[in-house]
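A.B. asks: Structure incoming, see below.
The values are calculated or read from the model by the stated rules, or taken from the named source; none is laboratory data. It should be emphasised that the depicted structure is a prediction, and the values quoted were computed from it without experimental measurement. Neighbour counts run over all protein chains shown; Cβ positions are idealised from the backbone, glycine included.
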Amino acid sequence: MVELSLLKGTNDHLPNEQVVREKIVNRIKQVFHLYGYQPLTTPILEMWGVLASKYAGGSEILKETYQLKDQGNRTLGLRYDLSVPLARLVGMNPNLGRPFKRYEIGPCFRDGPIKKGRYREFIQCDADIIGVTSMLADAECLAVAHHIFTKLELEVYLEVNNRKLLSGILIAAGVPQDLLKTTILSIDKLKKIGMTGVRDELETKGVTTDLTESVFSFFSYEGSYLEILDQLEPRVENEIGKEGIEELRQLYLFLQLFGIADDVILLYSLARGLEIYTGTVFEAFLKEPGVIDSSLCGGGRYDEIIGKFLDSKEVYPAVGISFGLDTIYDAVAVHWKRKTSTTQVFLIPIKTLNTTVELATQLRQNNICTEVDLLERSLSKNLEFANRQQIPYVVILGKRDIAENLCTLRNMRDGTEQKVPLKQIVEKLSQLFTNGNQKS
């Protein structure tokens, strides 16, 4: 007999979890639609050459990418995010109108360290804008994030930076071009492992002690978003650094217009690891400490990848944001009451099965999620079942009631009952759910 086990880093999702997960996805979709993003899908499997391209995620992420062969001996990979497949799709469809605003929700895979908030298989919910260079697009991504977390009843703060500023700082500190990318990856870990950890890592990469201290001299500034920029500006005189500072100032103006600037922090060591990012980068974290330490979403600007996939000189500016469903679920599960069912009404026939099934059909035709007792249980056991499943309403149909053209409507939240004319029960339930009790 096969030993039944679950691969570490993957999860089954029973109804009490999946109901919550779908509720999260529905709220995310609602916000995506509010901001004008349109749905699309891409395959889970991609050609390895696409995922491994130097214009994709880079060597760090490639270490965690699943690789396999098909029967034609082609090398394939499981997608590790939704951004690279999007870049490939846009590259294959160069005539898409601009701006092209899309969202996609689907599974991704990474063979990396497993911990709470990080899994082998996970669902990402992405929104991207293709064809806009203005910082308005970057600010909109942050506004979308803020709106989503407000809708999910989560208090978050958003960390932002610009890769151009980070590159400009390292150039100003004297980091040579051949060490720039690897130094950025180390500096990105400042928040996580501190200066001591980064110092040790840079030493293993061949960065001298004097150079490391020169770099660190730029990362001691404190203050508000704009105050930090004011302190950095006199020291970062190279063109790329100046451009990064200017873009961050423009971004801040739009964040103020969106009304979310107070929840945005400038973390100017942030790089987000992936080499695809060319400008703005951002992440969101819970304000409540100790619940989830991982970021709930992340993203940034990647202006070069699509054009390089096309081997084209044309610029395809792009910015996007990605939400991790599994991590968000872990965050909301702390506060949200789990529901085990999406059923709104449970029908209990007492030797009145035919009439009950007919009523169930009418309710479903009126978009009321309806379940009927299929096991001919006693009334008490059916009420226990409905209560356990957190079904808000029960309709009891007995022979005497039906003879009088009545039914019994029971509110499972407070236990109250009322007799309702059978011809009016559909309208009555429709009104109840329309007036604020409808499931979200």
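A.B. asks: Tell me the residue from L78, L180 that is touching a Ser or Thr at 6+ places or on another chain (Cβ under 8 Å) and either buried (at least 23 other Cβ atoms within 10 Å of the Cβ) or not assigned by TED's automatic domain parsing to the domain that holds S269 (or both), please.
C.D. replies: L180
Listed here are the residues, each with its yes/no results for (1) touching a residue at least 60 places away in the same chain (Cβ under 8 Å); (2) of a type in the set (D, E, K, R); (3) outside any helix (DSSP H, G or I).
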{"residue": "I184", "(1), (2), (3)": "yes, no, no"}
{"residue": "K191", "(1), (2), (3)": "yes, yes, no"}
{"residue": "L202", "(1), (2), (3)": "no, no, no"}
{"residue": "S214", "(1), (2), (3)": "no, no, no"}
{"residue": "L229", "(1), (2), (3)": "no, no, no"}
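A.B. asks: Against the definition (crowded, with 18+ Cβ neighbours inside 10 Å and not aliphatic (A, V, I, L, M)), how does T65 come out, yes or no?
C.D. replies: So T65 passes the test.
A.B. asks: Here's a follow-up. Considering only helices (runs of 4 or more DSSP H) fully contained in the stretch 7-75, which possess at least 1 residues that are touching a Cys at 6+ places or on another chain (Cβ under 9 Å), touching a residue at least 40 places away in the same chain (Cβ under 8 Å) and under 19 Å from G106 (Cβ atoms)?
C.D. replies: Fully inside the stretch 7-75 and qualifying: 15-34.
A.B. asks: From the list T342, T416, which residue is loosely packed, with under 12 Cβ neighbours inside 10 Å, over 30 Å from L158 (Cα atoms) and among the β-branched types (V, I, T)?
C.D. replies: T416
A.B. asks: Just to be sure, is E140 within 25 Å of the chain's Cα centre (by Cα), surrounded by 15 or more Cβ atoms within 10 Å (Cβ to Cβ) and of a type in the set (D, E)?
C.D. replies: Here the answer is yes, as E140 does meet what is asked.
A.B. asks: Out of all the residues in the stretch 295-342, which are charged (D, E, K, R) and in a helix (DSSP H, G or I)?
C.D. replies: K308, D326, D330
A.B. asks: Hey, could you check the stretch 253-294 for residues that are among the aliphatic types (A, V, I, L, M) and in a strand (DSSP E or B) and say which is nearest to G307 (Cα to Cα)?
C.D. replies: That would be V281.
A.B. asks: So, in the stretch 109-134, how many residues would count as being outside any loop (DSSP other than H, G, I, E, B) and more than 12 Å from the chain's Cα centre (by Cα)?
C.D. replies: 7
A.B. asks: Right, L296: closer than 30 Å to D330 by Cα, touching a helix residue (DSSP H, G or I) at 6+ places or on another chain (Cβ under 8 Å) and not small (G, A, S) or not?
C.D. replies: yes
A.B. asks: Of the residues in the stretch 322-361, how many are within 22 Å of N382 (Cβ to Cβ), modelled with pLDDT under 90 and not β-branched (V, I, T)?
C.D. replies: Residues that pass the stated criteria total 3.
A.B. asks: Residues being modelled with pLDDT of 90 or more and of a type in the set (S, T, N, Q): count how many of those fall in the stretch 48-88.
C.D. replies: 5
A.B. asks: If I ask for residues that are under 21 Å from the mean Cα position of the chain (by Cα) and of a type in the set (A, V, I, L, M, F, W, C), which ones from the stretch 1-50 would you list?
C.D. replies: Once the filter is applied, which keeps residues that are under 21 Å from the mean Cα position of the chain (by Cα) and of a type in the set (A, V, I, L, M, F, W, C), the stretch 1-50 yields L14, V19, V20, I24, V25, I28, V31, F32, L34, L40, I44, L45.
A.B. asks: Condition (residue is over 22 Å from the mean Cα position of the chain (by Cα), surrounded by fewer than 15 Cβ atoms within 10 Å (Cβ to Cβ), free of Cβ contacts under 8 Å to residues at least 12 places away in the same chain and part of a loop (DSSP other than H, G, I, E, B)) applied to the stretch 232-250: is it met by at least one residue?
C.D. replies: Yes, the stretch 232-250 contains at least one residue that is over 22 Å from the mean Cα position of the chain (by Cα), surrounded by fewer than 15 Cβ atoms within 10 Å (Cβ to Cβ), free of Cβ contacts under 8 Å to residues at least 12 places away in the same chain and part of a loop (DSSP other than H, G, I, E, B).
A.B. asks: Taking only the stretch 401-434 into account, find how many residues are at negative phi and not in a helix (DSSP H, G or I).
C.D. replies: Matching residues across the stretch 401-434 total 16.
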